[in-house]
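**Student:** The structure under discussion is supplied below as structure tokens; questions concerning it will follow.
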Amino acid sequence: MVNQKGYVVTRDGHICTREGKVLFLKAQLKNGEFPKIFPFTRFNINRVLGDIEMDPGGQPILTKNDIG
């Protein structure tokens, strides 16, 4: 079974692993989501942006080397 957000849940609504180990109790969930670990209000998109070459269609050009 999964909840409305797509997480695997027990019959009682607790988020669990596929093996049934409870990770978050239903009482800890907010609108079916588990508590967030990172403070998203401090997220800085510039820390994860890179310099990517784009093709004329606006798609990133991805190339592979010998190790992938």
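Bear in mind that the values in this text are calculations on the coordinates, not laboratory data. Model, not experiment: these values are computed from the prediction. Cβ placement follows ideal geometry from the backbone for every residue including glycine, while neighbour counts extend to all protein chains displayed.
**Student:** Provide the three semi-axes, in whole Å and in decreasing order, of the ellipsoid equivalent to the chain as defined by the square roots of 5 times the Cα gyration tensor eigenvalues.
**Tutor:** For the chain, the ellipsoid semi-axes come out as 38, 18, 12 Å.
**Student:** Give me, ordered by chain and number, the residues 5 or more places off V9 or on other chains with an amide H under 5 Å from its own placed amide H.
**Tutor:** Here V2, N3, C16 satisfy the definition.
**Student:** Another question, then. Per residue of the range 47-55, what does 6.51 cos²θ - 1.76 cosθ + 1.60 with θ = phi - 60° give for ³J(HN,Hα)? Whole Hz please, x for Gly and Pro, Karplus curve as stated.
**Tutor:** Values per residue, Gly and Pro as x: 6, 10, 6, x, 9, 10, 7, 10, 7 Hz.
**Student:** To continue, here is another question. Just order 21-30, 51-60 by mean Cβ neighbour count inside 10 Å, highest at the front, would you?
**Tutor:** Output ranking for 21-30, 51-60: 21-30, 51-60.
**Student:** Report ³J(HN,Hα) in whole Hz for each residue of the range 3-17, in order, from the Karplus equation J = 6.51 cos²θ - 1.76 cosθ + 1.60 where θ = phi - 60°; Gly and Pro get x.
**Tutor:** 8, 5, 9, x, 7, 5, 10, 7, 4, 8, x, 7, 6, 9, 7
**Student:** Would you work out the relative contact order for the chain, in percent, from Cα pairs under 8 angstrom that are 6 or more residues apart?
**Tutor:** 15 percent
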